[in-house]
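Worksheet: one structure, shown below.
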Amino acid sequence: KTQRTHILTMADNKKLDTPLVPESILKHKHDLDELKANRVARKKPGNRKVFSKNKSIKIIKPEKFIARNRHRLNYEKRFKRVSLRGMQKRASDKTVVKEREVEEGTETKVMKYKANSIGAKFVFCVRIRDGAGTPKAVRQVLSGFRLRSQYEGVFLPYDEATRKMLHLVEPYVVYGVLTKTTVHDLITRRGHCKVDGKRVPMSNNLIVEEHLGDEGIICIEDLVHEICNVGESFMKANSFLWPFRLTAPKSKFEKDTLKYKEGGDYGDKGEAIDEVILSML
């Protein structure tokens with residue numbers, strides 16, 4: 001009797017040491033096991049990964065491959081022609097001024113703006129086409145600009161050499177002159193910097209001061225000032241910034257003016273690039 005009592009006591013101690021599982025969790029596990037068993041029972045034999053109802057099958061028509069090849073050949077011809085003869089009719093050495101309607105409340109005003117970037121110190125360039133059907137020479141120029149993916153944007157000093165390179169890849173990019181306010185919004189909202197080869201968010205001024213403090217740039221406002229005025233430390237400040245990853249533009253301006261779905265109006269937009277960038281933030 002004494003031995004039996006001792007055994008029961010040991011069993012009771014073991015039960016007390018075992019952690020208790022709440023009843024709600026046990027019911028949840030039971031429901032999951034039952035649901036899994038029902039799915040296995042309903043599953044039909046065969047390769048369900050290919051013919052799954054939840055996943056749509058992507059079909060690329062042969063016409064798309066033909067169109068890509070045709071575009072690639074056309075861009076290769078254009079690249080060789082522009083590299084030898086220049087832009088000819090499309091490029092202008094004079095400032096082009098155009099008008100556009102701007103809605104302010106209930107009124108509609110007509111405002112003049114510069115339609116090209118002649119005379120600007122810097123431009124902001126965005127890649128608007130993907131890599132499908134892109135000639136190798138064009139890819140090399142875009143890689144030199146650090147524009148390796150669609151809808152990536154970078155600041156560029158607008159000198160004669162950069163202008164010629166932009167002319168070579170104009171069908172793939174849209175560029176223009178940003179206002180100081182837009183540059184500040186772009187850096188604060190989409191800005192990332194390069195730290196030890198990694199993409200790091202520009203969350204505070206300490207990161208800027210740590211890497212650009214020797215150049216007299218200790219905050220984001222100093223960085224914006226250096227970019228807009230193309231100072232002596234422009235190249236170092238620009239290389240510190242990671243290429244901006246923007247979203248696809250969906251504004252009314254993009255649909256009406258750029259006509260991206262119809263093939264896209266590309267190239268130099270001057271001051272009109274402001275509205276495009278704001279719609280892509």
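The values are calculated or read from the model by the stated rules, or taken from the named source; none is laboratory data. What you are looking at is a predicted structure, and each value in this text was computed from that prediction instead of being measured. Neighbour counts run over all protein chains shown; Cβ positions are idealised from the backbone, glycine included. Heads up: the accessible areas ignore ligands, DNA and RNA and are worked out on the full protein's heavy atoms, side chains in. Shrake-Rupley method; radii C 1.70, N 1.55, O 1.52, S 1.80 Å.
Per residue, the stretch 151-249 exposes 46 Å² of solvent-accessible protein surface, assessed with a 1.4 angstrom probe and all protein chains in place.
Surface calculation, 1.4 Å probe, protein heavy atoms: Y172 sits at approximately 10 Å² accessible.
Which trypsin sites (Lys or Arg not before Pro) from the stretch 128-197 combine a DSSP loop assignment with at most 13 other Cβ atoms within 10 Å?
Passing both the DSSP loop test and the Cβ count: R148.
Between V96 and L20, the modelled label-to-label distance comes to 8.0 nm, taking each label 7 Å out from Cα in the direction of the beta carbon.
Extension gain, T108 to H30, is 21.5 nm, computed as 0.36 nm per intervening residue step minus the present C-alpha separation. The orientation-averaged shadow of the Cα convex hull for the stretch 71-213, equal to a quarter of the hull surface, comes to 11.8 nm².
Bin width 10 Å, alpha-carbon pairs only: give the P(r) of the stretch 143-205 as whole percents, running from 0 to the bin holding the largest distance. Result, from short to long distances: 16, 46, 33, 5 percent.
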